[in-house]
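Worksheet: the structure to be examined is printed underneath.
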Protein chains: 2
Amino acid sequence: MSESTQAIAYAKNNRERYLAELKEFLAIPSVSTLSQHKPDMQRAAEWLSKQLSGIGFKHVEIMPTAGHPVVYGEWLSKPGKPTVLVYGHYDVQPVDPLNEWTTPPFEPTVRGDNLYARGASDMKGQAHAFLKALEALAKNEGLPLNIKVMIEGEEEVGSPSLGAFIEKNKEKLKCDFVLNADSSIMSPEQPSLVYGLRGLAYFELWVHGPKQDLHSGIFGGSVHNPAQVMCELIAGMHDADGRVTLPGFYDKVRDLPEEERRELAHPSDEEWRKMCGAPQLHGEKRFTTAERVGARPTLEVCGIQSGFTCEGAKTVLPAKAMAKISMRLVPYQDDKEVEGQLRAYLEKHAPPTVRWELKKFVTGPAVLVKRDTPGMRAAIKALEATFGKKPVFKLEGGSVPVVSMVTATLGVDSILMGFGLPDDNLHSPNEKLHLPNFYRGVEAYIRFFDAVAG
Amino acid sequence: MSESTQAIAYAKNNRERYLAELKEFLAIPSVSTLSQHKPDMQRAAEWLSKQLSGIGFKHVEIMPTAGHPVVYGEWLSKPGKPTVLVYGHYDVQPVDPLNEWTTPPFEPTVRGDNLYARGASDMKGQAHAFLKALEALAKNEGLPLNIKVMIEGEEEVGSPSLGAFIEKNKEKLKCDFVLNADSSIMSPEQPSLVYGLRGLAYFELWVHGPKQDLHSGIFGGSVHNPAQVMCELIAGMHDADGRVTLPGFYDKVRDLPEEERRELAHPSDEEWRKMCGAPQLHGEKRFTTAERVGARPTLEVCGIQSGFTCEGAKTVLPAKAMAKISMRLVPYQDDKEVEGQLRAYLEKHAPPTVRWELKKFVTGPAVLVKRDTPGMRAAIKALEATFGKKPVFKLEGGSVPVVSMVTATLGVDSILMGFGLPDDNLHSPNEKLHLPNFYRGVEAYIRFFDAVAG
């Protein structure tokens, strides 16, 4: 890969500027789910479009969608060479609980090797890394292939407008494959490639009992408490082996082939436990942690609320209870089928003493990427050259909706190549980006584009 | 009871003024638990002390406590006659959820036969009824016995200062028995007398898992979700028969003697169900509703909170979960013992994947009043004369801390005689007072004082 020597040297020499620019980008509070941040979403999109123009992209536009806009750029100067569609998102998660942040989430701060800010790892840092790789190539050897860039503003709310956007712009977005930078590696010492992502089905369950909150002394004992019913329903959704009890839940779950199982990489259990800070790990019996978070579906309570929850004591028998329940799906589960399974469970187990209702929110299928493709080979080559170590294969627990959309609409695979770390505190207070990874990321992307061009 | 003919006629002629005065009293937002209402507590106490002076009480004072003051009055002009200590409270519950009130809680409004306001039934209406009975006697035949009045401002927060107050003023409060007006009857057509009250033990349980909220995709499946653990713990606190499973929980619970069981009065199940508005009633198997709410202990979830509970979807695995758990105790359960039972349950059932902590809030023992005493006989006589129907006996589910305090410190029984109704929406939006009951209450108290005097 001698072709990119200059670009790599350029990237090394420009680290300070890269960091300063990234801080600028991170200071924009582009929280997609909160309407008061709509102007910030626009500012973030404009910031990106200026970056693309600065790099030399021939065509840059901020394209409207039903929700937040998509920033699109293209530079197609190498006929005969492959075309890669590079994906990222400029929106970030909300910051609450704010009081748990050491430094304010939108005042990017370097401490040690890390840059702390909301979005630092998920994924403004990754997006900036591929932009700086493209810049390094453009300003030195020149882009060796055709590039389209699509950076959306709604990934953190489940990409509700992106499916229609891709469908509408099918021709424009045509490509050989997608480089999806919304990904991570196992550790700074061990590069890895994600070849599967879990899907998501998110529900809100309501249990209604009395017409209003009751005096727990007067009525307590004669009325089924909706909070207790909710607890009973949720408790029954797992058995003693940690398996989800919804009828048929595992019917379509594939058994991992022995070879794939053997190759499956993951941090050690003790490292993993330290990352999450729980007293002990826990999960489905007879599976490793790598399988539990990558190859097995889950059902989680993301939130639960009922009755009086302020300080002190109020002796109330609540009228209703609410729980947010999310399922992480694996191939080849279907979100409509799991919804049916959840309804069947509730129909069977909810007592006649209450009324229940179920609302469906975001959904998206799981994804499995072929491991033997030109894109994958280029990624392996780039990672090995940058880290001095062969990447291992990982199944990732999170969901990235766009991956299945591009397969369905554009008929192409995605290479999931990003440089986040499992302890980057994604969606949590004190999100961070490991800066050595950021710089290595820029270099790895340079090598990747080179390797794809061949 | 011909002695009180004039007083009864006076009470009938003054209904309009009684209602106008009560509205004045109810307009004072004396919410004891909220510090911003401290001046209103003082105003309510002053309003009462003016009432007592107006009636002709020889000695009236607003006596400080560690918390809100007690309004005290005495009129001891009948040596040789019994002395009754009349108890009431002038504080009220908070009003939230405010948007569920048809008319504002502190703008007392008559609709049909009912007066709507916070505190109308619990218990400014009851307090005003005994004050007006005393007034009617004082202004006509004269008080036939010795009266001490003690109206506190902290019942709705569990009477935290009253125990010390009674202890300190033991001599001053000496009496033959207590008339406690913080009570209710079965229906406007069926008078009843409460001879037992459940006690209370209130706890807050915390379950801690990961060090902070986690990404439910990345970690989901490998970490025990504290919200799920909380649900499992709570679900396990009842068995399929609706019995509480804490070890030893029923050991000290008395079996109701067959005669008491037969006499135990309660609205019909269908009336009760309509009052609470639940699809069906529910409770401990093999017990009637009357027993379930009066003679059996309960364990209720008063509140539960974990993770993300705002609108929409946030895919988070919560770091912790909290539940407010209250138990209604019956004779001869002990709050320290049930705390021990709850801890034993948690020690046995909480998994090593989480850490838990338990905080104790308000507690108070259950109460059982002797049914064959001069006070009880006077109450029966007064109710029968007023309603034209013999009262039935009830065990009440709620707790009134003062009842056990006066037994412990003054060595006297309480007569629980009030005129609230089970559907008065105590502690709930749209609290109301049934006005015909209020007027009958005044008359019944007149007859009661007469009957006690003999």
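The values are calculated or read from the model by the stated rules, or taken from the named source; none is laboratory data. The structure presented is a predicted model; accordingly, all values stated were derived computationally and were not measured. Because the Cβ atoms are built from the backbone with ideal geometry, glycine has one as well, and the counts that use them run over all protein chains shown.
Observations on the structure shown:
- Filter pass, residue A:222 being under 23 Å from residue B:318 (Cα atoms) and small (Gly, Ala, Ser): no
- Checked against (1) loosely packed, with under 15 Cβ neighbours inside 10 Å; (2) in contact with a strand residue (DSSP E or B) (Cβ under 9 Å, 6 or more places away or on another chain), residue A:380 passes all but condition (1).
Listed here are the residues, each with its yes/no results for (1) closer than 21 Å to residue B:337 by Cβ; (2) facing chain A (nearest Cβ under 9 Å).
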site	(1), (2)
B:200	yes, yes
B:221	no, yes
B:257	no, no
B:262	no, no
B:273	no, yes
B:287	no, yes
B:296	yes, yes
B:307	no, yes
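- Hits in the stretch B:204-223 (condition: buried (at least 23 other Cβ atoms within 10 Å of the Cβ) and not polar (S, T, N, Q)): B:207, B:209, B:210, B:213, B:214, B:217, B:218, B:219, B:220, B:221, B:223
- Residue selected from the stretch A:412-445 under the condition more than 14 Å from chain B (Cβ to nearest Cβ) and of a type in the set (D, E, K, R), by the criterion nearest to residue A:170 (Cα to Cα): A:413
- The requirement of being within 14 Å of another protein chain (Cβ to nearest Cβ), more than 20 Å from residue A:160 (Cα to Cα), small (Gly, Ala, Ser) and within 17 Å of the chain's Cα centre (by Cα) is fulfilled nowhere in the stretch A:398-405; no residue meets it.
- Number of residues in the stretch B:46-69 that are farther than 20 Å from residue B:156 by Cα and of a type in the set (Phe, Trp, Tyr): the value is 1.
- Checking the stretch A:266-282 against the condition returns no match, with no residue being more than 24 Å from the chain's Cα centre (by Cα) and farther than 30 Å from residue A:422 by Cα.
- Some residue of the stretch B:299-308 being surrounded by 18 or more Cβ atoms within 10 Å (Cβ to Cβ), under 30 Å from residue A:201 (Cβ atoms), over 19 Å from the mean Cα position of the chain (by Cα) and aromatic (Phe, Trp, Tyr): yes
- Looking across A:89, A:59, A:37, A:68, one residue alone is farther than 20 Å from residue A:402 by Cβ and crowded, with 17+ Cβ neighbours inside 10 Å. It is A:37.
- For the stretch A:378-397, the tally of residues that are within 17 Å of the chain's Cα centre (by Cα) and more than 14 Å from chain B (Cβ to nearest Cβ) stands at 0.
- Scanning the stretch A:261-270 for residues that are in contact (Cβ under 8 Å) with a residue 24 or more places away in the chain and either among the hydroxyl-bearing types (Ser, Thr, Tyr) or in a helix (DSSP H, G or I) (or both) gives A:261, A:263.
- Boolean, residue B:203 is among the aromatic types (Phe, Trp, Tyr) and under 23 Å from residue A:308 (Cα atoms): yes
- Taking the stretch B:262-277 as the range and being of a type outside the set (A, V, I, L, M) and more than 18 Å from residue B:372 (Cβ to Cβ) as the test, the residues that pass are B:266, B:267, B:268, B:269, B:270, B:271, B:272, B:273, B:274, B:276, B:277.
- In the stretch A:169-192, the residue that is nearest to residue A:314 (Cα to Cα) out of those that are modelled with pLDDT of 95 or more and hydrophobic (A, V, I, L, M, F, W, C) is A:181.
- When restricted to residues that are at pLDDT 95 or above, among the acidic types (Asp, Glu), more than 19 Å from residue B:220 (Cβ to Cβ) and under 25 Å from the mean Cα position of the chain (by Cα), the stretch A:338-373 contains 0.
- When the test is whether a residue is crowded, with 22+ Cβ neighbours inside 10 Å and in contact (Cβ under 8 Å) with a residue 24 or more places away in the chain, residue A:250 does not pass it.
- Flag if residue B:117 is away from chain A (no Cβ under 14 Å) and farther than 30 Å from residue B:301 by Cα: no
- Residue B:251 fulfils the conditions (1) within 39 Å of the chain's Cα centre (by Cα); (2) modelled with pLDDT under 95 except for a single criterion, (2).
- Restricting the stretch B:323-355 to residues that are crowded, with 21+ Cβ neighbours inside 10 Å and closer than 26 Å to residue A:322 by Cα leaves a set whose member that is farthest from the other protein chains (Cβ to nearest Cβ) is B:342.
- Filter result for residue A:281 (in contact (Cβ under 8 Å) with a residue 24 or more places away in the chain and facing chain B (nearest Cβ under 7 Å)): no
- Scanning the stretch A:161-196 for residues that are surrounded by fewer than 20 Cβ atoms within 10 Å (Cβ to Cβ) and in contact with a Gly (Cβ under 6 Å, 6 or more places away or on another chain) yields a single hit, A:161.
- Index of the failed condition, residue B:193 passing every other in (1) at the interface with another protein chain (Cβ under 8 Å from one of its Cβ atoms); (2) in contact with a strand residue (DSSP E or B) (Cβ under 9 Å, 6 or more places away or on another chain); (3) among the hydrophobic types (A, V, I, L, M, F, W, C): (1)
- Residue match in the stretch A:268-280 (condition: out of contact with any Asp or Glu (no Cβ under 8 Å at 6 or more places or on another chain), among the hydroxyl-bearing types (Ser, Thr, Tyr) and surrounded by fewer than 18 Cβ atoms within 10 Å (Cβ to Cβ)): yes
- Selection of first residues in the stretch A:400-414 that are within 15 Å of residue A:84 (Cβ to Cβ) and outside the structural domain of residue A:328 (by TED's automatic domain parsing) and of second residues that are surrounded by fewer than 23 Cβ atoms within 10 Å (Cβ to Cβ) and among the charged types (D, E, K, R), restricted to Cβ pairs under 8 Å at least 6 apart or on distinct chains, gives the following pairs, ordered by first then second residue: A:410/A:170; A:410/A:174; A:412/A:176; A:413/A:370.
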